[in-house]
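See structure below.
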Amino acid sequence: MDAQKTVIITGAAGGLGSTVTKTFLEKGYKVIATVASEKSKNSLEAHNNLDIYAVDLGDEKQAEDFVTSAIAKYGKIDAVLLLAGGFAMGGVTATKGDDIKKQLSINFETAYYVARPLFEHMLENNNGRIIFIGARPALKSAQGKNLVAYSLSKSLLFKLAEFMNETAKGKNVTATVVVPSTIDTPVNRQAMPDANFNDWVQPSALANILEFVVNDKSASLREPVLKVYNNA
């Protein structure tokens, strides 16, 4: 990395987020991390290049105010990794409107409210990378049929990335959707204790792929959807 880049990482205290945050700090990035509460700040180890904000990303004004503050403080945001999200089971007959609204808020709105003002900022600077975390059940109906609310909410991220990439054609601004299979986190191990964990995606491996997308080495990538499935 020729010059220090500044990145925003949402959901930084989560099973994936904590590893991604650590990886980016180790590779010399300035990281602006968001967590869900003041208490959650304590789960991230202090670092000279780490700035932590407690933000309710489901609140559009809070999310926009956070982005405005970050831009005012750091001048230019080079990338945003939108890792905040949540999961829910349920097929069509078991999924009510409130279930869908909850997953839309957790997985789509938390990403959209941060990505929209940053997209405008990046277009103005002719530079930026927006990274969404997709989900394989949003691409494969056989896997998504019992995860309806979750899969529907994640499916919107693919379309949003397409809209952004069409809008940004000719500029050095891209939206990427990274699609992992099952990530090897403590929560997933507890939920699926009989699974073969070796087939899952390691958080560190996923973090390195995310860093590649942000790094200048990926400059020629356009409209990417990266499927990170390992053997799961």
Next on the checklist: I'd like the full set of residues that are among the hydroxyl-bearing types (Ser, Thr, Tyr) and without any contact (Cβ under 8 Å) to a residue 60 or more places away in the chain, limited to the stretch 91-112.
Outcome noted: Thr93, Thr95, Ser105, Tyr112
Next on the checklist: Considering only residues that are crowded, with 22+ Cβ neighbours inside 10 Å and in contact (Cβ under 8 Å) with a residue 60 or more places away in the chain, which ones fall in the stretch 52-80?
Outcome noted: Ala70, Ile77, Ala79, Val80
Checklist outcome for this item: By residue number, the members of the stretch 153-180 that are in contact (Cβ under 8 Å) with a residue 24 or more places away in the chain and hydrophobic (A, V, I, L, M, F, W, C) are Leu156, Leu157, Phe158, Leu160, Ala161, Met164, Ala168, Val173, Ala175, Val177, Val178, Val179
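Among the residues of the stretch 159-178, are any acidic (Asp, Glu), crowded, with 18+ Cβ neighbours inside 10 Å and touching a strand residue (DSSP E or B) at 6+ places or on another chain (Cβ under 9 Å)?
Looking through the stretch 159-178, none of the residues is acidic (Asp, Glu), crowded, with 18+ Cβ neighbours inside 10 Å and touching a strand residue (DSSP E or B) at 6+ places or on another chain (Cβ under 9 Å).
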Next on the checklist: Would you confirm whether or not the stretch 198-218 contains a residue that is closer than 30 Å to Gly91 by Cβ, modelled with pLDDT under 90, crowded, with 21+ Cβ neighbours inside 10 Å and out of contact with any Lys or Arg (no Cβ under 9 Å at 6 or more places or on another chain)?
Outcome noted: no
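Looking only at the stretch 143-198, how many residues end up being outside any helix (DSSP H, G or I), of a type in the set (Ser, Thr, Tyr) and out of contact with any Leu (no Cβ under 9 Å at 6 or more places or on another chain)? Give the steps one after another, and end with the answer.
Just the residues of the stretch 143-198 that are outside any helix (DSSP H, G or I), to begin with: 145-147, 168-185, 192-196.
Those still in the list that are of a type in the set (Ser, Thr, Tyr) too: 174, 176, 181-182, 185.
Cutting the leftovers down to out of contact with any Leu (no Cβ under 9 Å at 6 or more places or on another chain) gives us 181-182.
Here the count works out to 2.
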Checklist entry - For Ile71, all conditions in the list (1) in a helix (DSSP H, G or I); (2) closer than 23 Å to Pro180 by Cα hold save one; what is the number of the exception? => result (2)
Checklist outcome for this item: Expected single match for modelled with pLDDT of 95 or more, over 22 Å from Lys61 (Cα atoms), β-branched (Val, Ile, Thr) and under 17 Å from the mean Cα position of the chain (by Cα) among Thr176, Thr182, Thr110 is Thr176
Item to check | Matching entry among Ala88, Ala135, Ala111, Ala84 (being within 24 Å of Lys169 (Cα to Cα) and either crowded, with 16+ Cβ neighbours inside 10 Å or out of contact with any Phe, Trp or Tyr (no Cβ under 8 Å at 6 or more places or on another chain) (or both)) | outcome: Ala111
Item to check | Subset of the stretch 1-36 that is of a type in the set (Ser, Thr, Tyr), under 12 Å from the mean Cα position of the chain (by Cα) and part of a strand (DSSP E or B) - its residue that is farthest from Ala54 (Cα to Cα) | outcome: Thr10
Checklist entry - From Ala115, Ala88, which residue is assigned to a loop (DSSP other than H, G, I, E, B), in contact (Cβ under 8 Å) with a residue 24 or more places away in the chain and in contact with a strand residue (DSSP E or B) (Cβ under 9 Å, 6 or more places away or on another chain)? => result Ala88
Checklist entry - Has the stretch 35-51 got any residue that is surrounded by fewer than 19 Cβ atoms within 10 Å (Cβ to Cβ), of a type in the set (Lys, Arg) and modelled with pLDDT of 95 or more? => result no
Checklist entry - Does the stretch 53-66 contain any residue that is part of a strand (DSSP E or B) and hydroxyl-bearing (Ser, Thr, Tyr)? => result yes
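The values are calculated or read from the model by the stated rules, or taken from the named source; none is laboratory data. As the structure is a computational prediction, the values presented were derived from the model and not from experiment. Here Cβ is always computed from backbone atoms with ideal geometry, including for glycine, and neighbour counts include all displayed protein chains.
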